[in-house]
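See structure below.
Derivation of every value follows stated rules applied to the coordinates shown; laboratory data play no part. None of the values given here were measured: they were computed from a predicted structure. Note: ideal-geometry Cβ built from the backbone for every residue, glycine included; neighbour counts use all protein chains shown.
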Amino acid sequence: MDQKERMLAELPYIASDEVLSRERLECKRRIYELNQVHPDQYNRIPGLLKELFGKSGEAVFVEPPFHCDYGYNIEVGDDFFANYNCTVLDVAKVTIGKNVMLGPNVSFYTAGHPLHQESRNSGYEYGISITVGDNVWIGGSVVIIAGVSIGNNVVIGGGSVVTRDIPDGVVAAGNPCRVIREITEEDRKYYFKKRVFDVEI
């Protein structure tokens, strides 16, 4: 089993491997092009994302700058939006559902290193996949750690560090992120705290 196969299998692997180094360089070239798109040509961004990501739905947009390791380990569904400075360390799969919005400075870290210093100094690292469901809003400056699964219909409060799985249909926030409460039918009529919509939705 080569180092890329080990990486994709979520086993310890050496990132300085020649094949992986070459793939990261190619990804950097694609990201450079994405991040240098002139604002008058932002209509090019969805096409560039389709070339970068492993799978991409319709109506997908990322506000530059954006950063990732490989690109091919990222899968997003329809109606995906990421605000400025999104970072995805995609040494393992990052799978994101449909109707997902990311605030600025959201980071997905599938990559990790052993705890013990001698194991860590060996040069071996690992990646464990991250999954985000449908209809999810992740607030600004949220960090999502390796191995986490976020359910459907979830809101993650800004500044959270998500270190464990989050179930469907809840608001969760904090460091470490924890469930605050369920999202209920009563929430439908409010756009912010107790401010009621003055438009039909």
Inset, instruction - Only residues that are surrounded by 17 or more Cβ atoms within 10 Å (Cβ to Cβ) and out of contact with any Phe, Trp or Tyr (no Cβ under 9 Å at 6 or more places or on another chain): list them for the stretch 111-130, please. - result: SER129
Legend entry - Subset of the stretch 1-24 that is without any contact (Cβ under 8 Å) to a residue 12 or more places away in the chain and over 20 Å from the mean Cα position of the chain (by Cα) - its residue that is nearest to SER122 (Cα to Cα): ARG6
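So, of the residues in the stretch 54-108 that are assigned to a strand (DSSP E or B) and small (Gly, Ala, Ser), which turns out to be farthest from VAL143 (Cα to Cα)?
SER56
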Inset, instruction - Return a yes/no flag: does the stretch 90-106 have any residue that is in contact with a helix residue (DSSP H, G or I) (Cβ under 9 Å, 6 or more places away or on another chain) and surrounded by fewer than 20 Cβ atoms within 10 Å (Cβ to Cβ). - result: yes
Inset, instruction - List the number of the failed condition for LEU115; all other conditions in (1) part of a loop (DSSP other than H, G, I, E, B); (2) within 24 Å of PHE81 (Cα to Cα) hold. - result: (2)
Legend entry - Flag for TYR126 being assigned to a strand (DSSP E or B) and within 30 Å of GLU5 (Cα to Cα): yes
